[in-house]
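This report refers to the structure that appears directly beneath it.
The values are calculated or read from the model by the stated rules, or taken from the named source; none is laboratory data. Remember, it's a predicted structure, so these values are computed and weren't measured experimentally. Glycine also receives a Cβ, built like all others from the backbone with ideal geometry; neighbour counts cover every protein chain displayed.
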């Protein structure tokens, strides 16, 4: 009996952990840039304010990971982006490892941006070794975000080079549950014996009606003195 009980408990725990694990994991596709072809990592696209002013590169490392880069020889707003479905009202955290070289200090540097104009991470300038950037944001009524790895921004064009890898996106909090109010009421039960025939109550009813007419309750008119 004891062994059977312990086995059942173990099975429940295992199932519970499996169910929890099934919800874990990043929502970003190919966030380590290990897959791709023709110089383009799978699931990612490039965008820029000045289309031909930036250089985009993808490199798969020997250790199985990969990285992407943006080089702006002249001031530009350039980015790698991926479209991701989100749950309206939920909260998400996006992170990435970033390093930079010769990024200008006076305008937007290397950063994570959630589009359309949802939120930005802090940005990195100058020449910096690998470090982690992250941004947390709520999905209002949106059902889709563009997660962008960016050098420069709107009206904040910049120069230099930025490298990105290990992009991750997790749901931190689901959308709030909707509360539906339901109104209900219960009629009281009346334990009253009804008369066996109307003749038993005929006189009280007639008397009550005559009294009501006499007092002016019925009849539709009010008498004034």
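Evaluate the following for residue 143: is it at pLDDT 95 or above and out of contact with any strand residue (DSSP E or B) (no Cβ under 6 Å at 6 or more places or on another chain)? Criteria met by residue 143. Residues in the range 109-120 that are in contact with a strand residue (DSSP E or B) (Cβ under 6 Å, 6 or more places away or on another chain) and surrounded by fewer than 22 Cβ atoms within 10 Å (Cβ to Cβ): 115, 118, 119, 120.
Of the strands (runs of 3 or more DSSP E) lying entirely inside the range 70-177, those carrying at least 3 residues that are closer than 21 Å to residue 40 by Cβ are 78-85, 91-103, 110-115, 144-151, 158-173.
For the range 171-181, the criterion of being closer than 24 Å to residue 54 by Cα and over 17 Å from the mean Cα position of the chain (by Cα) is met by no residue. Pairs linking a residue in the range 118-130 that is within 17 Å of residue 160 (Cβ to Cβ) to a residue that is in a loop (DSSP other than H, G, I, E, B) and at pLDDT 95 or above, with Cβ atoms under 7 Å and 6 or more positions apart or on different chains, are 123/108; 123/109; 124/109; 125/104; 125/105; 125/109; 126/105. Within the range 60-88, no residue satisfies the criterion of being without any contact (Cβ under 8 Å) to a residue 24 or more places away in the chain and surrounded by 13 or more Cβ atoms within 10 Å (Cβ to Cβ).
The single condition among (1) at pLDDT below 95; (2) over 24 Å from the mean Cα position of the chain (by Cα) that residue 41 does not satisfy is (1). Per the conditions (1) in contact (Cβ under 8 Å) with a residue 24 or more places away in the chain; (2) in contact with a strand residue (DSSP E or B) (Cβ under 9 Å, 6 or more places away or on another chain), the sole criterion not satisfied by residue 57 is (1).
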